[in-house]
Every structure is written in C-alpha cells, then in structure tokens.
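Enquirer: Here you go, one structure.
The values are calculated or read from the model by the stated rules, or taken from the named source; none is laboratory data. It should be emphasised that the depicted structure is a prediction, and the values quoted were computed from it without experimental measurement. For neighbour counting, all protein chains shown are included, and Cβ atoms are generated from backbone atoms with ideal geometry for every residue, glycine included. Quick note on the areas: whole protein, heavy atoms, side chains included, nothing else; ligands and nucleic acids left out. Shrake-Rupley method; radii C 1.70, N 1.55, O 1.52, S 1.80 Å.
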Amino acid sequence: MLASVLAGLLVAGCTEGYAQPQAAGEQPAIAGGRSAPRPADVALASGEPRQSGGVIAAGGADAVYNYGPTVMLDRGQTRMWWCSQYGGAGPAGDDILYAQAQSMDGPFTGPGGGIPAAVFSGAPGQFDGMHTCDPSVLRVGSTYYLYYTGAAGEHALGNAIGLATSPDGVHWTRAAGGKPILGPSHDVHRANVYGAGQPSVVYLDGWFYLMFTDTTGRAAGWNGAGQFVLRSADPAFGSGVQALDVGGFVPVTSTAAPRGRSIVDGFSADLMWVGALDAFVVAHETDGGTTLTFWTPDFTENPFRPVLIPGPWKEGPGLVRRADGHAPLSSADPCERVPFDVVRATTNGGAPTDLRHFGLDLLGSQACGNPGRTAATFDGVTMPSPERTMDLVRAGVRVRVDRRAVAVALAGEVLDKAPAAVTALPLAARLRSGAEAVQAPGKGFAFVLDDKKRWRVPDGGIVGNNGSAARAITAAEWDGYPKGRSLVG
C-alpha cells in the first residue's frame with residue numbers, strides 16, 4: 001500500500017534558496033516576471049473556522065483506508081478522487097476511488113449514487129501494475145488530467161508518477177503510452193526507499209506545474225522529505241521541461257534531472273495558485289494540523305506568514321480547488337476574503353481513513369485594490385454580462401461569450417453576478433456562436449474573433465460546442481494572425 005511516507009517524521013519549514021524572477025508563461029502579467037518589490041512575511045488575519053460534523057467520504061465494499069484526496073469544484077459539483085482499495089477492482093493493490101457531492105461537507109456518493117466508484121486501478125505488466133494512488137486531477141478545457149503514483153509491487157524505489165486523461169473524470173485512458181512521466185532521480189539513496197510520487201498539479205499561464213515527492217532527490221531531507229517542482233507546457237512533461245532550482249526555473253533535458261531545490265520539508269502535500277494573493281500555496285501536515293506555506297509566483301520569497309488549519313490528521317491534505325488548480329473565490333466577499341478548505345484523513349485504524357473537511361478564511365487580501373490585482377483575482381472566472389451573454393476574464397481583459405456552455409468550459413469558476421471591480425476591466429473581444437475557428441499542426445485550435453486576432457483554445461471540443469468548425473491552416477498561416485490572449489488559462 002502506498003500509504004504515508006514516514007509521516008511521523010514531518011518537519012515544518014522550508015528549504016533555503018532564492019530564485020530570480022521568471023516570466024511564467026503565455027500570460028506573464030498574471031503570474032511572473034515582476035520587478036517591483038513586494039512585502040514579505042506579511043501576517044494575514046483569519047476568520048470563519050469550520051469543519052465537517054463527521055466523516056464526509058469513505059470507500060464502500062471492503063475498503064479499509066481512504067486518504068490522499070484531490071478535491072475539485074467543477075460546474076456546480078464538488079468532485080473528489082482519493083486512494084483506497086476494493087478487493088474486486090482488479091489487481092490486488094491501491095485503487096483510485098471517485099465520488100461527488102453538492103457541497104464539500106458531503107455526503108459523497110458514486111456517480112450514480114451508492115458507494116464511491118473505483119475508477120482507476122493497476123495495469124498488470126506495467127509500471128503501475130499493482131498500485132495506483134495519490135491522485136491529482138485537473139480539467140483544462142474539455143479534458144481531465146489525472147496525475148498519480150503508480151507501482152508494480154512493493155520493491156524499493158518502485159514508485160513513479162503516471163498520467164491518464166478523461167472526457168468526464170470517470171473513464172480514464174493512460175497517456176504517455178502507459179509509461180511513467182517521472183521517476184526517482186537517484187541523486188542520493190537514503191533509508192527511505194519510497195521513490196517518486198504524491199503529485200500535485202496546477203495549470204497556470206499555459207504551464208503545468210508539477211509538485212512531487214522524491215526521496216532520492218538531492219535537496220530532500222535526511223528522511224526523504226521534500227517537495228520538488230517542475231513545469232512544462234506539455235501535460236505529459238515529455239518536452240520543454242523546466243525544474244525549480246536555487247537559481248529559479250531552468251531548462252532540463254528530462255524529468256529525471258537532479259532535484260536541486262525543495263520548497264517544503266514534508267510529504268503528501270498539495271499545491272494551489274491563489275490569484276487573490278498573487279501567490280502559490282502549499283498545504284502540508286505539521287504537528288497541529290495543515291500548514292499553509294505561501295510562495296511568490298517565481299518561488300522567490302514567502303510573501304505571507306504560514307497559516308495553520310488546526311485539527312486531527314493522519315495523512316496528507318487535499319485542497320479544495322477549482323478545475324485548473326486555482327483557489328476558489330469567496331462567495332461573501334471576493335475582494336477581501338480568501339477561503340482555504342482541505343479534506344484529510346483523520347484516523348488510523350491500521351491505515352489512514354475517515355476523510356473530513358476543515359477550513360478557514362484569510363482576511364484583508366485587498367484583491368481588488370487595483371486593476372492588476374483584480375485581473376489576477378478573477379482570471380479564469382466567467383459571469384453574466386449585461387447583454388444576456390457571459391463575460392470571461394483572461395489576462396486582464398473580458399471576452400464576451402455568446403454561449404454559456406462554452407464560457408463555462410473555458411472557465412475555472414462561474415459567478416452568478418459580476419462584481420463591480422470586474423466590470424472596470426476592458427472588454428476586448430466577443431466570441432459569437434459559430435465564430436471562425438482554425439487549426440494548425442503542432443499549434444492547436446483557436447478562434448479568430450471580431451478583432452481579427454487569434455485566441456487560442458484548449459481543444460476541438462470547445463470549437464464544436466460553439467457551433468464552429470475548425471478550418472485547417474498551415475503553421476505559417478497560424479503565425480500570420482495577430483496573437484490575441486489565450487483562452488486556455
């Protein structure tokens with residue numbers, strides 16, 4: 001069983017090392033390349049502590065453990081995947097279960113009601129032939145991505161990270177030819193022979209950010225604790241990979257490059273981008289509960305002091321996140337409050353189980369203090385426009401979308417009403433039903449909007465849902481269009 005990795009040896013804190021500012025991706029105005037200094041180690045007040053009245057999710061049948069959840073707010077539902085085991089779900093070993101609910105306090109049930117469903121299990125003869133565990137799930141456009149720990153057995157350093165994709169989050173197909181996308185680096189062999197696993201992934205500015213454990217990493221602690229970060233525009237991390245090192249993100253030839261910098265001394269952590277705070281947050285377990293450690297977009301400094309979500313725990317937290325891995329907005333006051341909620345195993349009856357919800361709000365974020373902060377806070381959010389259409393915020397501007405279903409598919413979050421601060425952002429273009437769409441080899445899909453610019457979208461499913469048909473063009477023709485913002489995220 002891929003259970004806790006020396007969980008009793010967790011050490012609170014972060015490794016030393018400071019990066020140079022880096023442009024983060026397609027839309028660096030959102031998350032990178034800042035030259036202006038910002039305050040560090042700022043204390044934020046907290047309020048509204050909360051926790052579920054009891055267990056919110058557990059496997060049925062013969063499941064004896066439930067841990068390592070990933071929790072997604074997706075199109076009006078709270079969706080959760082976690083590590084468990086059903087005897088009848090395939091090869092003996094860990095399975096990934098799935099359930100959904102109307103709120104994060106559950107109750108969580110399987111897709112058709114009843115017990116949670118085992119939706120992903122081992123593939124005999126492959127690297128993940130026995131165990132599939134530690135899920136981290138994103139949705140980018142019409143595609144769900146499942147990053148997970150896989151192992152063929154119980155042998156030393158056998159854990160590696162795999163990837164699967166799905167149209168619905170329930171039916172999965174292995175990607176990368178069923179091969180692992182990341183394994184142990186073998187920088188240092190320690191007593192902890194876990195290997196590589198426990199992934200957590202965020203999609204931001206065209207990059208997939210992958211945080212993970214590697215007990216063989218050079219910058220891991222004596223007990224193998226540590227959290228490393230890679231990023232790539234390729235969800236399978238097969239090309240264009242950059243690794244976070246002491247000097248910032250640097251290009252590397254593969255995901256096996258030496259692990260030169262850890263951002264948290266811990267195991268089984270979760271990563272999230274918080275636009276309202278212009279920061280990443282890592283949730284990791286410490287003595288009193290789940291600690292939230294904050295990093296600037298380039299992982300240079302800790303802009304805020306750590307915050308503790310108290311309460312019992314036995315195995316790593318799953319942050320409640322949007323489909324893209326970003327922090328959801330506060331429904332009460334998105335300009336001043338930021339909600340942080342986690343689900344974690346709370347008891348250990350021989351293995352971690354009893355998933356419960358804990359949370360609090362951080363106050364005084366000043367997330368709408370200026371247009372730049374407003375743009376970062378509401379990036380990827382869609383809301384009704386004054387014209388009975390939808391406005392989608394991307395890279396500091398609004399795009400008016402005729403079809404609600406298309407706006408929702410492109411968005412990470414949906415609001416029922418547009419906040420006043422958002423209406424001040426410029427309206428840049430309109431995505432009309434049946435708008436012109438193009439597709440080029442190696443480039444992907446894009447709409448050509450009324451500004452005659454090329455606005456990239458994540459996949460052909462979005463094009464079809466808009467009532468459009470993608471016209472095949474050459475790469476040169478693609479490059480000939482003026483570049484609009486990316487609608488991908």
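Enquirer: If r is the Cβ-Cβ distance from Ala420 to Ser239 and R0 is 35 Å, what FRET efficiency results, to the nearest 0.05? Spell out each step's value before the answer.
Expert: On the way: r = 43 Å, r/R0 = 1.23.
Computed FRET efficiency for Ala420 and Ser239: 0.25.
Enquirer: How large is the Kirkwood hydrodynamic radius of segment 345-390, counting all unique pairs of alpha carbons, in Å?
Expert: Over segment 345-390, the inverse of the mean reciprocal pair distance is 14.8 Å.
Enquirer: Also: Any idea what the dipole of segment 75-221 comes to, in debye rounded to 20, about its Cα centre with Lys/Arg Cβ at +1 and Asp/Glu Cβ at -1?
Expert: Once rounded to the nearest 20, the dipole reads 200 debye.
Enquirer: Label Glu436 and Gln102 with points 7 Å out from Cα along Cα→Cβ: what is the distance between them in nm?
Expert: My value for the distance between the label points is 4.6 nm.
Enquirer: Additional query: Could you order the peptides 345-352, 247-254 from most to least packed, using the average number of other C-beta atoms within 10 Å per residue? Spell out each step's value before the answer.
Expert: Working: 345-352: 18.4, 247-254: 14.5.
Output ranking for 345-352, 247-254: 345-352, 247-254.
Enquirer: Dipole of the chain (Lys/Arg Cβ +1, Asp/Glu Cβ -1, origin at the Cα centre): which of Gly350, Leu410, Tyr209 lies farthest to the positive side?
Expert: Projecting each Cα onto the dipole axis, the largest value belongs to Leu410.
Enquirer: Follow-up. Of Val229, Val246, Ala256, which is farthest on the positive side of the dipole of segment 184-342, counting Cα position, with +1 on Lys and Arg Cβ, -1 on Asp and Glu Cβ, and the Cα centre as origin?
Expert: Projecting each Cα onto the dipole axis, the largest value belongs to Ala256.
Enquirer: With each pseudo-label sitting 7 Å past Cα toward Cβ, what's the Gln77-Ala40 distance in nm, one decimal?
Expert: If labels sit at Gln77 and Ala40, their model points lie 4.4 nm apart.
Enquirer: In square angstrom, what is the accessible area per residue of the chain with a 1.4 angstrom probe?
Expert: Ligands and nucleic acids excluded, the figure is 35 Å² per residue.
Enquirer: Keeping to pairs on different chains or 8 or more places apart, tell me how many lysine pairs in the chain have Cα atoms under 28 Å apart. Provide the component values of the computation, followed by the final result.
Expert: Numbers: Lys179/Lys443; Lys443/Lys452; Lys443/Lys453; Lys443/Lys483; Lys452/Lys483; Lys453/Lys483.
Close lysine pairs found across the chain: 6.
Enquirer: I would also like to ask the following. Let me have the relative contact order for segment 80-168, percent, based on Cα pairs under 8 Å that are six or more residues apart.
Expert: Answer for segment 80-168 is 23 percent.
Enquirer: Right, next: Counting only GluC sites (Glu not before Pro) that sit in a DSSP loop (anything but H, G, I, E, B) with at most 11 other Cβ atoms within 10 Å, what is the longest stretch of the chain containing none of them?
Expert: Numbers: sites that count: Glu16, Glu154, Glu387.
Here the longest run is 155-386.
Enquirer: Okay, next question. Note down the relative contact order for segment 332-489 as a percent, whole number, built from C-alpha pairs under 8 angstrom at least six residues apart.
Expert: Numbers: 319 pairs, mean separation 25.8, N = 158.
Taking the mean separation of contacting Cα pairs over the length of segment 332-489, I get 16 percent.
Enquirer: Report in % the part of the accessible area of the chain that belongs to carbon and sulfur, leaving out ligands and nucleic acids; probe 1.4 Å.
Expert: Ligands and nucleic acids excluded, carbon and sulfur give 54 percent.
Enquirer: Further question on the same structure: At R0 = 25 Å, how high is the FRET efficiency between Glu48 and Arg305 if r is their beta carbon distance? Nearest 0.05 is fine.
Expert: Numbers: r = 19 Å, r/R0 = 0.74.
Plugging the Cβ-Cβ distance into 1/(1 + (r/R0)^6) gives 0.85.
Enquirer: Something else: Given Cα pairs under 8 Å that are at least 6 residues apart, what percent is the relative contact order of the chain?
Expert: Across the chain, relative contact order equals 15 percent.
Enquirer: May I pose another question? Set the Förster radius R0 to 41 Å, insert the Cβ-Cβ distance between Asp451 and Ala176 as r into 1/(1 + (r/R0)^6), and round the FRET efficiency to 0.05. Walk me through the numbers on the way to the answer.
Expert: Working: r = 37 Å, r/R0 = 0.91.
About 0.65, to the nearest 0.05.
Enquirer: Follow-up. Quick one: putting +1 on the C-beta of Lys and Arg, -1 on the C-beta of Asp and Glu, what dipole do you get for the chain around its Cα centre, in Debye to the nearest 20?
Expert: Its charge dipole is roughly 1220 debye.
Enquirer: With N residues in segment 289-384, what two-decimal value do you get for its Cα radius of gyration over 2.2 N^0.38 Å?
Expert: Scaled against compact globular proteins, the figure is 1.24.
Enquirer: So how far apart, in nm, are the two label points at Ala469 and Thr143 if each is 7 Å from Cα heading toward Cβ?
Expert: That separation, rounded to one decimal, is 2.4 nm.
Enquirer: I'd like the distance between the alpha-carbon centres of segment 114-166 and segment 81-101, rounded to an integer number of Å.
Expert: 10 Å
Enquirer: For segment 251-306, rounded, prolate or oblate, judged on the Cα gyration tensor with a ≥ b ≥ c (square roots of eigenvalues), a/c < 1.5 rounded, else prolate if a/b > b/c?
Expert: Working: a/c = 2.28, a/b = 1.34, b/c = 1.71.
Since a/c reaches 1.5 but b/c is at least a/b, the shape of segment 251-306 is classed as oblate.
Enquirer: I would also like to ask the following. Let me know the longest stretch in the chain that avoids all trypsin sites (Lys or Arg not before Pro) found in a DSSP loop with at most 10 other C-beta atoms within 10 Å. Present the calculation step by step, with values, prior to reporting the outcome.
Expert: Working: sites that count: Arg388, Lys417.
Segment 1-387 is the longest.
Enquirer: Per the Cauchy relation, a quarter of the hull surface: what is the mean projected area of the convex hull of the alpha carbons in segment 339-489, in nm²?
Expert: 12.3 nm²
Enquirer: Quick one: dipole size for segment 322-367, taken about the Cα centre, charges +1 on Lys/Arg Cβ and -1 on Asp/Glu Cβ, in debye to the nearest 20.
Expert: Rounded to the nearest 20 debye, it is 160 debye.
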